[in-house]
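Here is the structure we will look at.
The values are calculated or read from the model by the stated rules, or taken from the named source; none is laboratory data. The model shown is predicted, which means the values in this text are computed figures rather than measured ones. Cβ placement follows ideal geometry from the backbone for every residue including glycine, while neighbour counts extend to all protein chains displayed.
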Amino acid sequence: MKQKYGIHKDAELIKIQSYYADDYLEIKEGRYKDRPVKVDALIHYPKGEGPFPVLIIAHSSGGPAEFMDKWYKYYRSQLKPLLKMGIAVMYLDNFSGRNVINTYANQQQATHWSTYIDAFMALEHLSKDPKINIKKVGISGYSRGGIISLMISEKRLRDAIVSKDLYFAAAQPRSPDCWSIGMFRNPQPIKETKTWMVLGGKDDYTLAKNCVIQGEKIKANGGDIEITVKKGWGHGFLGNWKASYQEEPQTFYNCPPYYTEDDGSWNKEQMDLMIKHGEVKSEEEFHKLFKEDKRLFLVKNWDAYYAEKCIGTGAYEGGNKWGSFKKAYFKFWKENLL
């Protein structure tokens, strides 16, 4: 990663033990440990001996190439100010270790559940680093990275993956998808994690209203979360280009929602969709297929989506809002990591 993207010669390249997982049930039952993988990360330390707080930066579907992309300068322009504040910075690469470049066309190349594991394993790795203050770890990202940054406050994930005394002190997700990626219908938040979720009111890729609902559920269940909806802002609003229409994104907000239930199963709305289009014949067959042949289950689920004709394409991305956002962004880290 360091050689490939040339991010500052003084950064330390580290390999973090992580795993693959297709769903929460695989994590809950510990089966994810049967599929290990090493993921890359670059860490920059401030001057001095530490221990330092640290901010983990997660990329979106574009992969770690975003960290050096000319259209995403904010990934790099935040580095020096954070280091000057005394905050270490880690760039986490969910893809290279899995031989994935990007997931625009197929998000299952690196499942969301796998990337949640990556984040917690990075936290565990940092807990063994004497230069790091493990009680002051933050995480931030947009879109796919925003999903990670929101889901790390889920107690059930933390408890199944790492020690229960580990937690992220703060999280700053932007523009996550809260409708179609299996977030918990009934979230159980880690109360020590302060979350500031920022959404674009004009986002036509991942609709803000769905994350407002999810955020309010997190708050109602005891989570420390603030939700900000920026009027007129769209998806990827920190990208340094004027918002423009992109043909590649697939949108799912016209499809039935996908939630994970407390027992790890998929929600009834997804079952009804698959029964409606003949992919399974009954509730019994739905749950049996889910447990016994997850790959076939996913194929049939996708077939039901296509039969429903609910998948859209195209969305506006960009916005060039870093200049107006960075003051509040740095203030959040100053208040919660220092």
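Mind telling me which of the residues K217, K309, K300 ends up being modelled with pLDDT of 95 or more, exposed (fewer than 14 other Cβ atoms within 10 Å of the Cβ) and among the basic types (K, R)?
Every option except K309 fails the conditions.
For Y253, work out the one condition from (1) closer than 28 Å to L157 by Cα; (2) touching an Asp or Glu at 6+ places or on another chain (Cβ under 7 Å); (3) part of a loop (DSSP other than H, G, I, E, B) it doesn't fulfil.
Against the list (1) closer than 28 Å to L157 by Cα; (2) touching an Asp or Glu at 6+ places or on another chain (Cβ under 7 Å); (3) part of a loop (DSSP other than H, G, I, E, B), Y253 comes up short only on (2).
Any idea which of (1) loosely packed, with under 15 Cβ neighbours inside 10 Å; (2) free of Cβ contacts under 8 Å to residues at least 60 places away in the same chain is the one L338 doesn't satisfy?
For L338, the failing item is (2).
So which residues in segment 269-280 are closer than 26 Å to Q214 by Cα and either buried (at least 17 other Cβ atoms within 10 Å of the Cβ) or over 24 Å from the mean Cα position of the chain (by Cα) (or both), if there are any at all?
Listed by number, the residues that qualify are Q270, M271, D272, L273, M274.
Looking at segment 178-202 only, could you name the residues that are crowded, with 21+ Cβ neighbours inside 10 Å, assigned to a loop (DSSP other than H, G, I, E, B) and free of Cβ contacts under 8 Å to residues at least 60 places away in the same chain?
If the condition is that a residue be crowded, with 21+ Cβ neighbours inside 10 Å, assigned to a loop (DSSP other than H, G, I, E, B) and free of Cβ contacts under 8 Å to residues at least 60 places away in the same chain, then C178, P187, I190, T193 are the ones that fit.
Filter segment 103-140 down to the residues that are outside any helix (DSSP H, G or I), within 12 Å of the chain's Cα centre (by Cα) and closer than 21 Å to L337 by Cα and list them by number. Explain how you work it out, then say what you get.
Restricting attention to segment 103-140, the residues satisfying the condition of being outside any helix (DSSP H, G or I) are 103-106, 111, 128-140.
Checking the rest, the ones that are also within 12 Å of the chain's Cα centre (by Cα) come to 111, 139-140.
Result: I139, S140.
Which residues, taken from segment 189-228, are out of contact with any helix residue (DSSP H, G or I) (no Cβ under 7 Å at 6 or more places or on another chain), more than 20 Å from A170 (Cα to Cα) and not aliphatic (A, V, I, L, M)?
K202, D203, D204, Y205, T206, K209, N210 - these are the residues of segment 189-228 that are out of contact with any helix residue (DSSP H, G or I) (no Cβ under 7 Å at 6 or more places or on another chain), more than 20 Å from A170 (Cα to Cα) and not aliphatic (A, V, I, L, M).
Do we have any residue at all in segment 320-337 that's on the phi > 0 side of the Ramachandran plot and of a type in the set (D, E, K, R)?
The answer is no, given that none of the residues of segment 320-337 is on the phi > 0 side of the Ramachandran plot and of a type in the set (D, E, K, R).
Can you tell me which residue in segment 99-142 is nearest to I311 (Cα to Cα), limited to those that are aliphatic (A, V, I, L, M) and at pLDDT below 95?
So the residue we want is A105.
Would you mention how many residues in segment 68-92 are more than 19 Å from the chain's Cα centre (by Cα) and among the hydroxyl-bearing types (S, T, Y)?
Counting residues in segment 68-92 that are more than 19 Å from the chain's Cα centre (by Cα) and among the hydroxyl-bearing types (S, T, Y) gives 1.
Mind listing just one residue for me: the one in segment 133-146 that is touching a Ser or Thr at 6+ places or on another chain (Cβ under 8 Å) and of a type in the set (A, V, I, L, M, F, W, C) and, of those, farthest from H235 (Cα to Cα)?
Out of the qualifying residues, it is I134.
In segment 48-97, what count of residues is obtained for those that are in contact with a Pro (Cβ under 8 Å, 6 or more places away or on another chain) and either among the acidic types (D, E) or in a strand (DSSP E or B) (or both)?
Here the count works out to 4.
State the number of residues belonging to segment 229-260 that are loosely packed, with under 14 Cβ neighbours inside 10 Å and either touching a helix residue (DSSP H, G or I) at 6+ places or on another chain (Cβ under 6 Å) or not aromatic (F, W, Y) (or both).
7
Do we have E283 as surrounded by fewer than 16 Cβ atoms within 10 Å (Cβ to Cβ), touching a Gly at 6+ places or on another chain (Cβ under 8 Å) and acidic (D, E) here?
Numbers: surrounded by fewer than 16 Cβ atoms within 10 Å (Cβ to Cβ): yes; touching a Gly at 6+ places or on another chain (Cβ under 8 Å): no; acidic (D, E): yes.
Criteria not met by E283.
Name every residue in segment 43-96 that is touching a Lys or Arg at 6+ places or on another chain (Cβ under 6 Å), modelled with pLDDT under 95 and either more than 21 Å from Y167 (Cβ to Cβ) or of a type outside the set (G, A, S) (or both), in order of residue number.
S60, S61
Which pairs turn up if I take residues in segment 26-41 that are touching a residue at least 24 places away in the same chain (Cβ under 8 Å) and look for partners that are assigned to a helix (DSSP H, G or I) and of a type in the set (A, V, I, L, M, F, W, C) with beta carbon separation below 6 Å, at least 6 apart in sequence or on another chain?
Pairs that qualify, where the first residue is touching a residue at least 24 places away in the same chain (Cβ under 8 Å) and the partner is assigned to a helix (DSSP H, G or I) and of a type in the set (A, V, I, L, M, F, W, C), are I27/A160; K28/A160.
Go through segment 91-133 and give me each residue that's closer than 21 Å to P46 by Cβ, buried (at least 23 other Cβ atoms within 10 Å of the Cβ) and in contact with an Asp or Glu (Cβ under 8 Å, 6 or more places away or on another chain).
Result: L92, single match.
Suppose we filter E317, E335, E269 for residues that are in contact with a Gly (Cβ under 9 Å, 6 or more places away or on another chain) and of a type in the set (D, E); which single one remains?
When all the criteria are applied, what remains is E317.
Of all residues in segment 312-335 being over 16 Å from G232 (Cβ atoms) and aromatic (F, W, Y), which is surrounded by the fewest Cβ atoms within 10 Å (Cβ to Cβ)?
If we take residues in segment 312-335 being over 16 Å from G232 (Cβ atoms) and aromatic (F, W, Y), then F330 is surrounded by the fewest Cβ atoms within 10 Å (Cβ to Cβ).
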